[in-house]
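Beneath this line is the structure, given in C-alpha cells, with notes to follow.
Just so it is clear, none of the values below were taken in a lab; they were calculated from the coordinates. Everything quoted here is computed from the prediction, not taken from an experiment. Methodologically, a virtual Cβ is constructed for each residue, glycine included, from the backbone with ideal geometry; neighbour enumeration extends over all protein chains shown.
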Amino acid sequence: MNIGIGLPSAIPGIPGRLIVEWAMAAEQAGFSTLGTIDRVVYGNLEPLPVLAAAAAVTERIGLTTAVLIGPYRGNGALLAKQLSTVDSLSDGRLNVGIAVGPREDDYEATSSSFRERGRTFDRQLAELRAVWSGQPRGHAGPIGPPTRAGGPPLLIGGNAAATFRRVAEFGSGWIFGGGGPEAFAVGAAQALNAWREAGREGKPRLVVNAYASVGDNAEDHARQYLGGYYRFLGDYAEQIVSATLTSRPAIVDAIAGYAGAGCDELILFPCNPDPAQVALITDIVM
C-alpha cells in the first residue's frame, strides 16, 4: 500500500509559501502523492491552483484532489480543461478524486442547486469523459488532447449507492473519506461488486483519506482545525476529531488495518501546517 500526505491548504490562515515547502519536503521524503481538500465557504486555498504550484516544484510525487467537489464547478468542459492543464503541468501526475459534497452553503455561494447535485454530477462526469476522449465541441473541434489518453484517472468519492454506480460507469476507482478500516472494507466490497457487475476488467483503485497530527500538542491541533472545519456536522464533528491519528501506534495500526482491507493508497492529511510535520510523519510511515 502506498502512503501519501495531504497539503495543509485547507488549514485557514497559512502563508502560500508553505505549500511549496511542504510539497518539496514530501517528495524528498518519498510519499506517493500530495492531496488537497475542497471547500468554498471556508478559509482554505483553492485546490487546483495549489496543485499547480506543487507540480511546479516537484518531479515525481503524485497529485490528488481528495476530493474535489464537482457539481458546483459548473460546466464539465471547462472543468475538464482545468484538470487537463494541471495534469499537463505535472507531466501526467494528477489523480482526480471527485464527489458531490455535503455542504449546502458551498452550493448557495456558487449559485448551484444542492438538490440537483447528483444529476448535475452525472452530467459532469459524462462530459469529462467525452472531452477527454476527443469528442468535438463547437466549430474548432476537440478541446485539446489530454496529457494521457482518456484524461486523468477519476476516483469517485462517497458512500451512497449512486457512488458505486458512478465508480463502475465513469471511474478508475473509489476514494473513502474516513471512518476506519472496517467501514472502508464495507465500501470497498461495494465498489468491487459494482465493478464486476458492470463487466469492467481488473479492479478499481481504492484510496483512503485519514487525518494525522503528531508531535507536541497533536490533539489540540486536531481539535482546533477539524472542530472548525466540520462544525456544520454538529455533534459528529467530535467523532472526527477523536478519530484523528495522533500517535505512532495509532498511525501504524491504521496502516496495517487499511492495507489488510485492500487499500491501494492511504493519504494522511495534516492538522498542523508546520512543515516539520512531514518529517515527523515520515519517521513513522517510511
Exposed loop GluC sites (Glu not before Pro) only (DSSP loop, at most 11 other Cβ atoms within 10 Å): please give the longest stretch of the chain free of them, not including the sites.
60-200
Two-site FRET efficiency, Q190 against R137, from Cβ-Cβ distance with R₀ of 41 Å, rounded to 0.05:
0.75
What's the magnitude of the charge dipole for the chain around its Cα centre, counting Lys and Arg as +1 and Asp and Glu as -1 at the beta-carbon? Answer in Debye, nearest 20.
980
Label E104 and D216 with points 7 Å out from Cα along Cα→Cβ: what is the distance between them in nm?
4.3
With everything on Cα atoms, drop me the angle between helix 181-197 and the longest principal axis of the chain, reported from 0 to 90° to the nearest 10.
20
Roughly what angle does helix 218-229 make with the longest principal axis of the chain, taking Cα atoms, 0 to 90 degrees, to the nearest 10?
40
Considering only C-alpha atoms, what is the centroid distance from the stretch 14-55 to the stretch 234-274, in Å?
19
Please give the length that would be gained between E201 and R60 if that part of the chain were fully extended, namely 0.36 nm times their separation in residues minus their C-alpha to C-alpha distance (nm, one decimal).
48.0 nm
On Cα atoms only, tilt of 47-56 relative to the major axis of the chain in degrees:
80
Correct option for semi-axes √(5λ) of the Cα gyration tensor in Å [calculated from the coordinates] among (i) 36, 20, 17; (ii) 28, 21, 20; (iii) 39, 22, 19:
(ii)
Here Rg/Rh (Cα, Kirkwood) for the stretch 153-218 equals 1.09
